[in-house]
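Following: one structure in structure tokens, then a few remarks.
The values are calculated or read from the model by the stated rules, or taken from the named source; none is laboratory data. Note that this is a predicted model, so its numbers are computed, not measured. Note that we place each Cβ from the backbone using ideal geometry, even for glycine, and neighbour counts take in every protein chain shown.
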Amino acid sequence: MSEKDFIRQKNKWLAKIHNWVQENVQGPIIPYSAVFENKLAEMASEEERQNYIKSSGASKSMIDKIIQTGYHALHLIHFFTCGEDEVKCWTIRAGTKAPQAAGVIHTDFERGFICAEVYKYTDLVELGSENAVKAAGKYLQKGKDYVVEDGDIIFFKFNVTNSAKK
């Protein structure tokens, strides 16, 4: 929709589209303006974006909602892996077991899967550190039947031997 219509949250087609979606597929609609989102994306700082949103009269960017709704519709979740100098986010389908999640990182991780050491992102935020999570007994060792949950932080243990062909 146009930037003006997005800011007003009114458009001559919006109600008709909403009704059609509810009657036919019963899914969410997310009104947005590509022009508005593009202007925000081109801004250098978060402060500049927030000032523009406030001065325009818009409520917020819809990009996060579009992404979250898309992930939900596709049954996708995130898990994280952490190293000393890096945190990575991985996307998998809901219901994926630990070995298959490990395989998203590298096929050797799945092939040689031993276990997954798991803790929750929410526990890390609440308790403040990995050591505090361990001390609270919330750092768990899970096997091949563990179903990865959204927000898990996982350290995969694996062992792959190189069997050279002669």
Fill in the blank from the handout: Apart from one, (1) in contact (Cβ under 8 Å) with a residue 24 or more places away in the chain; (2) surrounded by fewer than 18 Cβ atoms within 10 Å (Cβ to Cβ); (3) in the same structural domain as Leu124 (by TED's automatic domain parsing) all hold for Pro99; the odd one out is (2)
Handout entry: Pairs where the first residue, in region 138-160, is farther than 19 Å from Trp90 by Cβ and the second is assigned to a loop (DSSP other than H, G, I, E, B), C-beta under 7 Å, 6+ apart
Key = Asn159/Gly112; Val160/Gly112
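Being among the aliphatic types (A, V, I, L, M) and closer than 19 Å to Glu84 by Cα is the filter here, so list the residues in region 106-126 that pass it.
Filtering region 106-126 down to residues among the aliphatic types (A, V, I, L, M) leaves 114, 116, 118, 124-125.
Ala116, Val118, Leu124, Val125 - these are the residues of region 106-126 that are among the aliphatic types (A, V, I, L, M) and closer than 19 Å to Glu84 by Cα.
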Fill in the blank from the handout: Of (1) surrounded by 14 or more Cβ atoms within 10 Å (Cβ to Cβ); (2) under 22 Å from His72 (Cα atoms), Val133 satisfies every one except (2)
Handout entry: Failed item in (1) hydroxyl-bearing (Ser, Thr, Tyr); (2) exposed (fewer than 13 other Cβ atoms within 10 Å of the Cβ); (3) touching a strand residue (DSSP E or B) at 6+ places or on another chain (Cβ under 6 Å), with Thr107 passing the rest
Key = (3)
Exercise for the section: Tell me which of these Asn51 doesn't satisfy, since it passes every other one: (1) modelled with pLDDT of 95 or more; (2) not aliphatic (A, V, I, L, M); (3) not assigned by TED's automatic domain parsing to the domain that holds Gly151. Expected result: (1)
Practice task
Select, from Phe113, Phe80, the only residue that is within 15 Å of the chain's Cα centre (by Cα) and surrounded by 14 or more Cβ atoms within 10 Å (Cβ to Cβ).
Solution key: Phe80
Handout entry: Among (1) at positive phi; (2) touching a Phe, Trp or Tyr at 6+ places or on another chain (Cβ under 8 Å) - the single one Gln26 does not satisfy
Key = (2)
Exercise for the section: Find the residue count for region 56-94, including only residues that are polar (S, T, N, Q) and in contact with a Pro (Cβ under 9 Å, 6 or more places away or on another chain). Expected result: 1
Problem - Spans of helices (runs of 4 or more DSSP H) in region 1-56 with at least 2 residues under 20 Å from Gly70 (Cα atoms) - result: 14-24, 34-42
Fill in the blank from the handout: Within region 116-130, the residues that are loosely packed, with under 13 Cβ neighbours inside 10 Å and of a type in the set (D, E, K, R) are Glu126
